[in-house]
1. Identify all residues within segment 7-24 that are touching a residue at least 12 places away in the same chain (Cβ under 8 Å) and either surrounded by 11 or more Cβ atoms within 10 Å (Cβ to Cβ) or closer than 14 Å to Val37 by Cβ (or both); write none if there are none.
2. In segment 1-50, which residues are part of a helix (DSSP H, G or I) and among the hydrophobic types (A, V, I, L, M, F, W, C)?
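Read-outs throughout are calculated quantities, based only on the coordinates presented, and are distinct from any laboratory measurement. Not measured: the values here are computed from a predicted model. Here Cβ is always computed from backbone atoms with ideal geometry, including for glycine, and neighbour counts include all displayed protein chains.
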Amino acid sequence: MAAGEQLHELRQRAHDAGIEGNSKMTEDQLREALRKVGKGTEPQMAKREAKS
């Protein structure tokens, strides 16, 4: 999978998980936020924590 496709897939997964407004997040931030949501963190809290 090309890098652009992989990033698009991560953004789609983040959107599906309830992480809104993820277009400016990096790949690492998206992965961290998705990991936190998977462990039960609220989506927007996971987004804030991943971006800090």
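1. The answer is Leu7, Leu10, Arg11, Arg13, Ala14, Ala17, Gly18, Ile19, Glu20, Asn22.
2. Let us first name the residues in segment 1-50 that are part of a helix (DSSP H, G or I), namely 3-16, 27-38, 43-50.
Selection gives Ala3, Leu7, Leu10, Ala14, Leu30, Ala33, Leu34, Val37, Met45, Ala46, Ala50.
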